[in-house]
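Here is the structure we will look at, set down as structure tokens.
Derivation of every value follows stated rules applied to the coordinates shown; laboratory data play no part. These figures come from a predicted structure and were not determined experimentally.
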Ligand code: PLP
Ligand code: COI
């Protein structure tokens with residue numbers, strides 16, 4: 001495998017791990033070399049999008065050890081999404097066991113430390129019993145698949161330009177934005193297609209209630225740096241990102257102040273650095289936000305180089321994930 005050419009795309013690996021919730025209990029975790037599944041054509045996941053997923057990564061460290069980053073946080077978030085959908089989710093222990101097993105059974109797909117790439121883990125739950133009524137599925141399939149991945153939107157720390165969503169919303173007020181459910185991503189597809197046609201890899205959404213404040217990107221949270229402060233939106237419609245939560249802590253550790261508050265679009269002009277953060281994008285600096293409707297381009301920082309605080313945060317975060325830096329907060333779980 002040419003690890004240097006890895007994109008954020010799917011490569012079939014040895015096995016997927018599954019478990020079926022039926023008759024009120026989870027069945028054993030099973031491995032399958034077949035990455036196709038057989039479910040009813042009338043499954044709630046197919047009819048009504050009753051699906052929730054997670055995304056985390058396994059890293060080969062500089063010491064050769066395999067690390068998962070805060071997997072219990074992903075387990076809890078999946079449980080929260082499941083509660084929203086009214087379906088069962090695996091308990092934290094089962095979730096982590098399944099992720100570890102998926103990594104170990106696909107060890108040769110874990111990119112080597114020197115590549116800087118990682119193994120993306122995609123746990124998900126879907127309603128599988130046949131239904132036509134709008135009821136919560138009582139049979140749920142839990143699946144964990146893995147795939148080696150490289151950079152999501154741009155190579156590490158390369159600033160990108162993004163499109164400001166002016167004719168699309170991602171999440172409704174009091175809606176589903178804060179849950180990691182498939183429907184949210186379906187809702188962002190058309191906006192994504194249009195943005196790609198115009199040459200943008202990512203879209204920045206505003207809060208749909210007012211279209212005044214920054215919300216997030218379709219696959220990551222927003223952060224800004226201003227006067228030595230790490231600022232991220234306070235919004236009920238953004239996904240509670242585990243990366244962002246970790247960066248807030250790391251920023252504090254570095255002596256920055258941190259703020260979770262409303263960020264008006266106009267305030268971007270005053271930011272020293274802005275960027276996207278998440279498992280897939282890690283930290284992707286943004287140097288231009290293009291508002292086509294108003295013919296305005298907001299420029300922040302340099303086009304060729306990430307700002308020094310984004311760079312320091314990136315180095316700290318990836319340093320912990322790849323075992324180069326001391327894991328002060330005990331975030332990594334080493335797989336043995
Ligand atoms: N926001 C959205 C909409 C996402 O899909 C993701 C990715 O999971 C994130 C934010 C980042 O979350 P995390 O850091 O937990 O990966
Ligand atoms: C992740 O960062 O793990 C995600 O789930 C983003 C995904 C939509 C590509």
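General observations
- Centroid-to-centroid separation of the range 187-213 and the range 270-336 [C-alpha atoms, Å]: 20 Å
- With Cα atoms, 0 to 90° folded angle of helix 242-253 axis to the chain main axis: 50 degrees
- Normalised by the number of residues in the chain, the average gap of Cα pairs under 8 Å and 6 or more apart makes the relative contact order 20 percent.
- Angstrom value of the Kirkwood radius, inverse mean 1/r, which spans all Cα pairs in the range 112-243: 17.2 Å
- Under a Gaussian network description of the chain, with springs only between Cα atoms under 10 Å, the residue in 123, 71, 28 that fluctuates furthest is 28.
- Mean residue ellipticity at 222 nm, helices only, the chain: -6500 deg cm²/dmol; runs of at least 4 DSSP H residues each add -39,500 (n - 2.57), and the sum is divided by the number of residues.
- Scattering curve values for the range 4-97, log₁₀ I(q)/I(0), Debye with Cα scatterers, q = 0.17, 0.25 Å⁻¹: -1.01, -1.56
- Relative contact order %, the range 182-289, counting alpha carbon pairs below 8 Å whose residues are six or more apart: 25 percent
- With respect to the chain, whose longest principal axis is taken over its alpha-carbon atoms, helix 308-321 is tilted by about 20°.
- Taking each residue as 0.36 nm, the span from residue 324 to residue 261 lengthens on full extension beyond its C-alpha to C-alpha distance by 19.5 nm.
- Over the range 22-155, the hull volume per residue, using the convex hull of the C-alpha atoms, is 122 Å³.
- Against the chain, whose longest principal axis is taken from its Cα atoms, helix 92-104 shows a tilt of about 90°.
- P(r) for the chain, from all Cα pairs and a bin width of 10 Å, is 6, 25, 33, 25, 10, 1 %, short bins first.
- Take every DSSP beta bridge whose two residues both sit in the range 160-321; close to 65 percent of them are antiparallel.
- Over the range 3-149, Cα pairs under 8 Å with separation of 6+ residues give a relative contact order of 37 percent.
- Difference of contour (0.36 nm per residue) and Cα-Cα distance, residue 34 to residue 172: 45.9 nm
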